[in-house]
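Read the figures in this text as sums done on the coordinates, not as results from a lab. All values reported here derive from a predicted model rather than from experimental measurement. Note that each Cβ is placed from the backbone with ideal geometry, even for glycine, and that neighbours are counted across all protein chains shown.
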Amino acid sequence: MAIRINPNIAGITPYSPGKPIEELERELGITGSIKLASNENPRGPSPRALAVLAGTASSLHRYPDGGGHALRHALAEHWKVTPEQVILGNGSDEIIGLLTKAFLQPGDEAVIADPSFVVYKIDVAAAHATPVLVPLKEYRHDLAAMAKAISSKTRMVFICNPNNPTGTYVTAAEVSAFLRSVPPDVIVVFDEAYYEYVTATDYPDTLAVLASSRNVVVLRTFSKIYGLAGLRIGYGVTTGEIVGHLNRIRPPFNTNSPAQKAALAALEDEKHVQESRRGNIEGRHFLMERLRALGFTVVPSEANFLYFDARKDGKPLFDALLRHGVIVRHLGGTCLRVTIGLPHENQRFIDALQSVLSQEPCKEKSPP
């Protein structure tokens, strides 16, 4: 007997994280691959976080602090908000799911830029609401068009800033103008997973927007510059009222003990953040110059990745790079995204790309 499923769920394309390096190397018969596909910090976690993790094994038989007391209070102190305004998540994307479950109903709408982080569309559809997709304009959020897309059915707006996958950002002035057009009962979610990488001086201060009593949620994460992607821990800063509603449906032990303790240590290591940011700036500049010299259209980025247009089907280029042991992200059509790695990884990516473009024979096996 066929199972019954809601058509909203049946229509969702599952998120594809890509294959593990070990499986890819086994399939292709290669070794020594580098992964520049998932926007991870190639420098890894803070040494302080690693030191803390080494001491967590003896208490793994105990449940974690369900409220994340120490980390929430540290984050509140760090951002000058109250602990009641902070919610932890198993990655900041868990909080996206909590938001859509708590505040969206069938018939509601959520306005989303396209392309942007695919989880927004998935979670909105999973809540049986309607994603309203607004195309990017010159690779950036078109906030004016997004404002026009808001209707009486709109309950939520997602702004990924910097945007994934393009790396572009919207300015403080643009956000201010946009918010003047947003009804006060609409929740605006600013997903700032790459916040710590930003160097633009006109980037918006969304916590100040929150302080002005707007229904705003600011999402950030320890997965990117803090290098704790494998522990899955992120957080949201919003109003105490919104946190209270989210806590009604938040799983009681949604963030684990090692993650909480490592995140707390990482938050205190500003030196590691600064070094990671500096290395990213240098790597970003290097890759932009080299990609443009090779004839690609490269979108200026404020994140730890670059979005570039191959001007032809990007899948063959993606596959050819795989055969050279370089894993990037093909985003469909002509565009690819490459994470900024360590200097030797960036150079290897460029060398592999040059080899592919010059049609030099590849010694590795072709994909099966």
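Tabulated data for the structure shown
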{"quantity": "MRE, 222 nm, helices only [DSSP H, n ≥ 4, -39500 (n - 2.57), over the chain, to nearest 500]", "calculated": "-11500 deg cm²/dmol"}
{"quantity": "The stretch 250-368: C-alpha pair distances exceeding 16 Å, %", "calculated": "67"}
{"quantity": "Long-range amide H partners of residue 154 with built H, under 5 Å", "calculated": "109"}
{"quantity": "When the stretch 76-204 is reduced to its Cα atoms, the Kirkwood hydrodynamic radius in Å", "calculated": "15.2"}
{"quantity": "Counting DSSP beta bridges with both ends in the chain, the antiparallel % (nearest 5)", "calculated": "50"}
{"quantity": "Burial order of peptide ranges 265-276, 79-90 (average beta-carbon count within 10 Å, highest first)", "calculated": "79-90, 265-276"}
{"quantity": "Relative contact order for the stretch 47-269, counting Cα pairs under 8 Å that sit 6 or more residues apart, in percent", "calculated": "29"}
{"quantity": "Expected-Rg normalisation [2.2 N^0.38 Å, Cα atoms] applied to the stretch 21-141", "calculated": "1.46"}
{"quantity": "Full-stretch length increase - residue 342, residue 69 - with 0.36 nm per residue and alpha-carbon distance subtracted", "calculated": "94.8 nm"}
{"quantity": "Diffusion constant of the stretch 1-42 at 4 °C, which comes from Stokes-Einstein with the Kirkwood Cα-pair radius and 1.567 mPa s, µm²/s", "calculated": "94"}
{"quantity": "Whole-Hz couplings from phi, Karplus 6.51/-1.76/1.60, listed for the stretch 139-146; x for Gly and Pro", "calculated": "6, 10, 3, 9, 5, 5, 5, 5"}
{"quantity": "Compactness of the stretch 47-269 as Cα Rg over 2.2 N^0.38 Å, two decimals", "calculated": "1.00"}
{"quantity": "Per-q log10 I(q)/I(0), the stretch 190-282, q = 0.14, 0.15, 0.19, 0.25 Å⁻¹ (Debye; single scatterer per alpha-carbon; no solvent)", "calculated": "-0.62, -0.70, -1.05, -1.33"}
{"quantity": "Along principal axes, Cα extents of the stretch 65-113, largest first, whole Å", "calculated": "39, 22, 17"}
{"quantity": "log₁₀ of I(q)/I(0) at q = 0.11, 0.14, 0.15 Å⁻¹ - the stretch 161-315, Debye sum with one point per alpha carbon", "calculated": "-0.56, -0.86, -0.96"}
{"quantity": "Karplus 3J(HN,Hα) series, Hz, for the stretch 49-61 with 6.51 cos²θ - 1.76 cosθ + 1.60 (x for Gly, Pro)", "calculated": "5, 5, 5, 5, 4, 4, x, 8, 4, 5, 10, 6, 7"}
